[in-house]
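Any read-out appearing in this document is the output of simple, stated calculations on the displayed coordinates, not a laboratory observation. Since the structure is predicted, the reported quantities are computational estimates derived from the model, not experimental observations. Here Cβ is always computed from backbone atoms with ideal geometry, including for glycine, and neighbour counts include all displayed protein chains.
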Amino acid sequence: MKTIILFVPLLLLSACASKKPVIVNMPPSVPGTTLSSDDLESVRYGENVKAYSVGRYIDPNDGLVMHEAHTVYRIETTAKWNLHPDPAVTVPMGPVVGIIDPARCESPITAEVVAEVNRQKAATQALLEQGTRLNTALNQLSQSVPVTKQISDDNVQLKIAVHATQQRLETLEDAFRQKQAEAEFTTPSGPPKQGTNDW
């Protein structure tokens, strides 16, 4: 029983003893990087979508139904991983030769190139001068169009006035002739002429 009494305080002391907290070391988080569209093709191919234009057609399941023309989109190939190896690495076998970008290097200038450039500049200058003259002529024409239209309208009005005047003049002449004719019939004739042949 003495052994049990010895173990009870040990149990009670072990229950009261504070425990050390467990420290878990986590690796630091690394943010993900979004690949640009240029680099994405080197890792994964995108899906290939094609559009097909379909005209009117009768539904094969129901002859009483007609479908109107529309566009059908179909995924031709799904997205898949790019399993092709990286581009082959070239091993230098001699002196290092750099790639020359023709867009960034000066091209050799010859007398013929200079002459052609000067000729093109002169042609461009002549074309610009012709364009300026053409614009000036078009502006003058556009300003003269309203004047021409006004003159045309005036001419039409004058023709109408001349036509009305002619009709009035013809009416007056007809009235004058009619009056003359009436005057000839109504004027009394004088005594008959006495001549030598009277019997």
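Things to note:
- Alpha-carbon radius of gyration plus Dmax, which is the widest Cα pair, for the range 111-173 in Å: 26.8, 89
- 37 °C / 0.692 mPa s Stokes-Einstein diffusion coefficient of the range 38-81, Kirkwood radius on C-alpha pairs, µm²/s: 252 µm²/s
- Note on THR136 and ALA111: with the Förster distance fixed at 45 Å, the Cβ-Cβ geometry gives a FRET efficiency of about 0.75.
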